[in-house]
1. With respect to Glu654, determine if the residue is at pLDDT 80 or above, within 21 Å of Leu535 (Cα to Cα) and over 39 Å from the mean Cα position of the chain (by Cα).
2. Only one of these is among the aliphatic types (A, V, I, L, M), open to solvent by less than 50 Å² (accessible area, probe 1.4 Å), in contact with a Cys (Cβ under 8 Å, 6 or more places away or on another chain) and modelled with pLDDT of 80 or more: Leu92, Leu10. Name it.
3. Return only the number of the condition from (1) touching a Lys or Arg at 6+ places or on another chain (Cβ under 8 Å); (2) under 21 Å from Ala639 (Cα atoms); (3) not in a loop (DSSP other than H, G, I, E, B) that Leu665 does not satisfy.
4. Return the residues of segment 679-713 that are without any contact (Cβ under 8 Å) to a residue 40 or more places away in the chain and assigned to a loop (DSSP other than H, G, I, E, B); say none if nothing qualifies.
5. Across segment 348-391, which residue is modelled with the lowest pLDDT among those that are open to solvent by 30 Å² or more (accessible area, probe 1.4 Å) and on the phi > 0 side of the Ramachandran plot?
6. Of (1) modelled with pLDDT under 85; (2) open to solvent by 20 Å² or more (accessible area, probe 1.4 Å); (3) under 27 Å from Arg256 (Cα atoms), Ala195 satisfies all except one. Which?
7. Just give me the residues in segment 628-650 being surrounded by fewer than 16 Cβ atoms within 10 Å (Cβ to Cβ) and within 18 Å of Cys695 (Cβ to Cβ), in sequence order.
8. In segment 174-192, which residues are open to solvent by 40 Å² or more (accessible area, probe 1.4 Å) and either in contact (Cβ under 8 Å) with a residue 40 or more places away in the chain or not in a loop (DSSP other than H, G, I, E, B) (or both)?
Amino acid sequence: MKRAGTLRLLLDLSNFSGAARLRELLAGDPAVRVRCSPDGRHLLLLRPPGAPAPQLLVAVRGSGAELERAWPEDHPSPLDAFFLPWPARPALVLVWESGITEVWGAGMELGWRLLQSTELCPGGEARVVAVAAVRGRLVWCEELQSGTEDPIERPVAAFNYRVCVRTLEPSGEAGTNLGRTCVLLHHCPPFGLLASRKDLFLVPTATTWPGVAHILLIWSPSKGKVIVSAPCLGLSHSKILNPRQGDTWDFRTLLRGLPGLLSPRKPLAVHSWAPAPQGLLLLDFRGTVRLVQSHGGTRAVGTLQEAPAGPEGSAALGIFHGTLACVLGNTLELLDMGSGQLLERKVLSTDRVYLLEPPAPGVKDEEEMDIGGGLRMLSALGLFCVGWEAPQGLELPSAKDLVFEEACIYYQRRSLRGAQLTPEELRHDSTFRAPQALASILQGHLPPSTLLTTLRAELRDYRGLEQLKTQLVAGDDEEAGWTELAEHEVARLLRTELTGDQLVQLNTIFQALPTAAWGATLRALQLQPDGNGRLRSQALPDVWKKVLGDTTAGKETPNGILPPFELLCQCLCQLEPRWLPPFVELAQQQGGPGWGAGGPGLPLYRRALAVIGEEGNRPETLELELLLGSGRPKAVLQAVSQLVQKEQWERALEAGLALGPSSPLLRSEIFKLLLAQFAQHRQLDAHLPLLCRLCPPELAPDELLLLLQTHLPDEVGPPTPFPEPGSEPPLTVGLLKALLEQTGAQGRPSGPVLSLYEDILWDPGTPPPTPPRGPMSTLQVSDHPGLEVWVPSGQGLCVTDMGNHL
């Protein structure tokens, strides 16, 4: 069905204060400048210098006093005037060519009053040629007084301008705060200044030097950069320009670094400029409309049926619903922004038509004028709205129907039954009482006081979120705004079932704003370091259940979509890799049946390893920390084996010693692994005290010696008293003594000797008495139970007290 453009009367001018004067200025003076306040209640009309009185008129819709001012001939009228987007009260700025600036505010009872007066160019050393306000800043282009009229010096005088900026913010109930003056550009040509909600466009004028009249600049305060663009060449280049950090540019130096933009070109033949939310619209004398976007790119939008007759003709440009609206004389043309196709052409009854700026985002009109996203058009006949008429027969669903449709989607997603749930079933089935109650409240059958009491906190959060979105659309403090919005959204998603669209949305936020997303997760899980390199959490088990559960198990997911736990691990690996192992270790302590920490699926450390990279391409430090902190015997042994291969002996020993008494078998395996290395080379000798501490207390000396014998290197030749030069020193009894002592540290058993070598460990340091040298005919044995007879071959008999001496 073809759409039909509509021109609908919103208000008659009789609703404004000073309606007669307002109609007179709109119908009589084609050069009048018209501006609208952000709330849509105030209209500003400024006549050019030299025009008859009054030169300034501010009309108010509804209650309120108008402002009408006139200046004598010896005192010129303001160069420009515009409203400031202050939320507390409407504010107006008047700027004169001399640099004098006045800030006016409208109160509830006293009407308009002067808040502050200042000078932008103290001392009269400069002349303001253009001024604009963008995002709480006052920007102007001023000409420095050189006093030369020599034609040879004209190229120098053509760059005798500069662009300056000052912050302008409200202060208290009836005050303003003007910051210090910063210079954005030195030695530049005269620029016209056009401000959108986010960017400032510096466009060439009729007096701009022809060699640079094809160049325009785009300054983005939120991004701290300036873009130099040549629309006729299709080229652009960006530079850093942040006055808060003291950045400034010399225009001539700036262009010398961009020789491609200085190729000989004719000046831009532009009839009209118009800022728009999408960028800057320009209309040339051939009727072609182009859009210069905020990144410096230029694209053609379309060509009007009728071109401007000359530079004197009036033209107004605006964009709504993907449609370009152009008022040229008394003709209104609507073009599709995508294809440039002419959609509709209307002939108006007057050629004094002005397109007003759209209302500020989130600002609700007191009289709730429904413009449906269209453009407001002002003439002496009234305030009109240009938009598209809704197709006939299109019925919008009621609030009650929307409740049951949304509830149907919600319950179907949570239901386990295969039958499709319908809104009609929800209406009549008493099982689903929540949507029926909400539909009744929306229908007015029940008082909403109970609902408001219950949802007060949620409504407050929702209001704050809407205000935040409004700031983002307006372009105020974008970086902090996007961060806060991401934090709100992650916190909201963590309270939902993280499946399907919610999981995709969570992945998108982590990819776009990982720092903000992790900050929100940090608060949701209440993570805090404990001072020992570990993390602790006070979050409820339900929150951990959503984070640790593998929501994609057994389901097909789009490529790149990760479950919440994998998503957090990937984010930590990018932002703070050192906190990934403590996070995984903490997550393993939160487990529950089927949560991923104690369920039948992959253990959490394996899920984290899968995220940080393929095997063989993972960061070695991270992989080791994850394996050691997993608490799984195979993983810990794998990590210790890797440390042994890298000859990081102390780290391997500390990994074994870190295991508690509940893991004796694992400690024993690590000890045997390191004992094998101790038997083969001498690199562990320096760490022998740690190896002794790791030695299992139940290990007997003969078992220790058998383990050593198993791993001793094979002897190539006959034994020698000293090792060959350059060869590995052999294992000595002196090194073994500390280990053998450790094996007997639990105390000597009171029973019979279990090992031929065990008595060596119990030498008190005093040698035994010297046995008789001659043969003894009689052997006297004490009744001491610790005495035994030992008859070595080839020697006489001797008595040895095995309990005290060797």
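1. Working: at pLDDT 80 or above: yes; within 21 Å of Leu535 (Cα to Cα): yes; over 39 Å from the mean Cα position of the chain (by Cα): yes.
Yes; evaluated as a whole, the condition is true for this residue.
2. Values: Leu92 fails: in contact with a Cys (Cβ under 8 Å, 6 or more places away or on another chain).
On inspection, the qualifying residue turns out to be Leu10.
3. (1)
4. Within segment 679-713, Gln683, Leu684, Pro696, Leu712, Pro713 meet the criteria.
5. Glu368
6. So the condition that Ala195 fails would be (1).
7. Glu650
8. Taking segment 174-192 first, the residues open to solvent by 40 Å² or more (accessible area, probe 1.4 Å) are 174, 177, 180-181, 186-187.
Of everything in segment 174-192, those that are open to solvent by 40 Å² or more (accessible area, probe 1.4 Å) and either in contact (Cβ under 8 Å) with a residue 40 or more places away in the chain or not in a loop (DSSP other than H, G, I, E, B) (or both) turn out to be Ala174, Asn177, Thr181, His186, His187.
The values are calculated or read from the model by the stated rules, or taken from the named source; none is laboratory data. Please read these numbers as outputs of a predicted model, since none were measured by experiment. Backbone-built Cβ (ideal geometry, glycine too); neighbour counts: all protein chains shown. Heads up: the accessible areas ignore ligands, DNA and RNA and are worked out on the full protein's heavy atoms, side chains in. Shrake-Rupley method; radii C 1.70, N 1.55, O 1.52, S 1.80 Å.
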